[in-house]
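Have a look at the structure below before the remarks.
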Amino acid sequence: MRKTTIAATAAAAGVLALLPASAANAHGTMSNPPSRVYVCKNEGPETPKSDACKAAVAAGGTQAYYDWNEVSLLEAGGRHRQLIPDGKLCSAGREKYRGLDLARADWPATKVQSGNFTLTYHASAPHGNSNFEFYITREGWNPTMPLKWSDLVHIKTFNNQNPTTFTNWSINLPQRSGRHILYSIWQRVVGSNEAFYTCSDVDFGGGATPTPTPTSTQPGGTWSAGTAYRAGDRVTYGGVNYECLQAHTALPGWEPPNVGALWKRV
């Protein structure tokens, strides 16, 4: 009986040895400047410190920040713009990570300046033969508005890379002022169509901090996606009045009855 068990174990090990390396998923995110998911993970999903991370957890729950290295699409295959709609670039269009799409001017931001910059990517499961693309938001971009593909300006692409756990690349940051987002796409090439996406908030300094467009605080205004709401604002949705609990820019799917952390019925 013992010989049979040993033989079966050996056979199973042989089968596992024959499985392709691509069966293991790659995972990772930007660590410098830290992505939004990395920032909230480091603050602690249960007790976030910044108002932005508190709002992100309230919008989507804590699990996203325990799974900080999975802001990805398994079958992206380079079709990023076709698969991820405007306004949902930071979450990769996934409901689990919807808190990352909150359009706010108070996300913790890394101080940067134009010119040469060394960024760091933390890959908890690195895989070779990958492409990394880096973008910056256009001059004049408003951080209180949903991020769109048309807001991104390409900086540099590194093809056929073999990342390690922490990989550095040098890029040239263009002239900017104020707050911006450094956006990255990690596209696996060999053995998988999986791609990972990051939004890292950076501050070039010298820019005025935009404020959300105020909305009516009187009942009767109809809730609308793309509108920036402040705490205390009141709207009507489906014939019911709601009061805003946390400042945010509304996105499709965040209708008042669907997001109790952002709206209360009055």
Just the residues that are part of a loop (DSSP other than H, G, I, E, B) and touching a residue at least 60 places away in the same chain (Cβ under 8 Å), please, taken from region 246-258. 246, 247, 251, 252, 253, 254
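Taking strands (runs of 3 or more DSSP E) that do not extend beyond region 158-229, which have at least 1 residues that are surrounded by fewer than 16 Cβ atoms within 10 Å (Cβ to Cβ), at pLDDT 85 or above and under 22 Å from the mean Cα position of the chain (by Cα)?
Numbers: elements: 166-173, 179-188, 195-203.
In region 158-229, the matching strands (runs of 3 or more DSSP E) lie at 166-173.
Answer yes or no: is there a residue in region 114-134 that is of a type in the set (Val, Ile, Thr), over 18 Å from residue 195 (Cα atoms) and touching a residue at least 24 places away in the same chain (Cβ under 8 Å).
The initial filter retains those residues of region 114-134 that are of a type in the set (Val, Ile, Thr), namely 118, 120.
Subsequent filtering for residues that are over 18 Å from residue 195 (Cα atoms) retains 118.
Adding the requirement that they be touching a residue at least 24 places away in the same chain (Cβ under 8 Å) leaves 118.
There is at least one residue in region 114-134 that is of a type in the set (Val, Ile, Thr), over 18 Å from residue 195 (Cα atoms) and touching a residue at least 24 places away in the same chain (Cβ under 8 Å).
The values are calculated or read from the model by the stated rules, or taken from the named source; none is laboratory data. Because the structure is predicted, anything quoted here is derived from the model rather than measured. So basically every Cβ, Gly included, is an ideal-geometry build from the backbone, and we count neighbours across all protein chains shown.
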